Amino acid sequence: KSRTLLVQSVRSSKNAQQLPLLTYSYDGLYPGHIQTTSFQKALLAVGSGVAALQDPYRHDMVAVLGETTGHLALINLRERMKNDPEGYTILTERPRIRLSTLDLEKMASLPDESFGREYLRFLEDNKVTPDSRAEVKFVDNEELAYIMLRYREVHDLLHTLLGMPTNMLGESSCI
C-alpha cells in the first residue's frame with residue numbers, strides 16, 4: 001500500500017515566486033517504516049540486543065532493540081499521554097525538536113547552568129544534534145512511532161536535566 005506525502009508550496013518573500021510543490025511517495029504507515037512479522041521482529045531484537053551488548057555506543061542497534069521490544073511500553077506511554085493535558089497536546093500537535101526549531105545562538109548566550117545553555121553544551125560535548133537520532137522504522141503503528149520518535153528527541157534533554165553522562169549508568173537513568 002503506497003502513501004503520498006504532500007508538502008505545501010510556499011512563496012518566497014523576496015520575489016513572490018512560487019516554489020515547487022514537493023511530493024514524496026512511500027510504502028508503509030509512515031516515511032521510513034519497514035513492515036515486519038513477529039518472527040522478523042524477534043530476530044531483529046536478538047541481533048540488535050547482542051550487538052548493543054557488545055558495543056553500547058551502537059545507537060542504531062539500541063534504537064532497533066527499543067523498536068522491536070518496546071510495543072507494550074509505547075502503548076502504556078500513549079495512554080498516559082492521552083490522559084494528561086500536556087501529553088494530549090503533544091500527541092495532537094506533534095511538535096518536533098530539531099535544529100530548525102532551536103535557536104542555537106540564543107542558547108549559547110544563556111548563562112552557564114541554565115537549562116538551554118547546558119543542553120547545548122551536552123550536544124556539543126557529545127557531538128550530536130537532535131537531527132542525528134535514528135528515524136523510527138519498525139514500529140507498526142503511526143502514533144506509537146511518533147511517541148518513539150518523541151522519546152528519542154527528548155532523550156538528550158533528560159541527560160541534561162539529570163546531569164547524566166552517556167555511559168551505561170547514564171543511559172540506564174535516562175530510559
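As a calculated quantity, the FRET efficiency between Arg94 and Gln54 at R0 = 35 Å, using C-beta atoms, amounts to about 0.50. Average 1/r across all pairs of distinct alpha carbons in the range 38-174, invert it, and you get the Kirkwood radius: 16.2 Å. In the context of the full set of protein chains, residues of the range 38-174 present 61 Å² of accessible surface per residue (probe radius 1.4 Å, heavy atoms only).
For the range 103-167, the list of GluC sites (Glu not before Pro) that fall in a loop by DSSP and count at most 10 other C-beta atoms within 10 angstrom reads Glu113. One chain, two ends: Val154 and Ser114. Fully extended at 0.36 nm per residue, the span grows by 12.7 nm beyond their Cα-Cα distance. Rounded to the nearest 0.05, the FRET efficiency derived from the C-beta distance between Glu142 and Phe39 at R0 = 22 Å is 0.45. Split the accessible area of the range 38-174 by element, probe 1.4 Å, and carbon with sulfur accounts for 59%.
How would you classify the range 81-122 from its alpha-carbon gyration tensor, with a ≥ b ≥ c the square roots of the eigenvalues: rounded for a/c under 1.5, else prolate if a/b is greater than b/c, otherwise oblate? Note, shape of the range 81-122 comes out prolate.
The values are calculated or read from the model by the stated rules, or taken from the named source; none is laboratory data. Model, not experiment: these values are computed from the prediction. Neighbour counts run over all protein chains shown; Cβ positions are idealised from the backbone, glycine included. Only protein heavy atoms, including side chains, enter the accessible area calculation; ligands, DNA and RNA are left aside. Shrake-Rupley method; radii C 1.70, N 1.55, O 1.52, S 1.80 Å.
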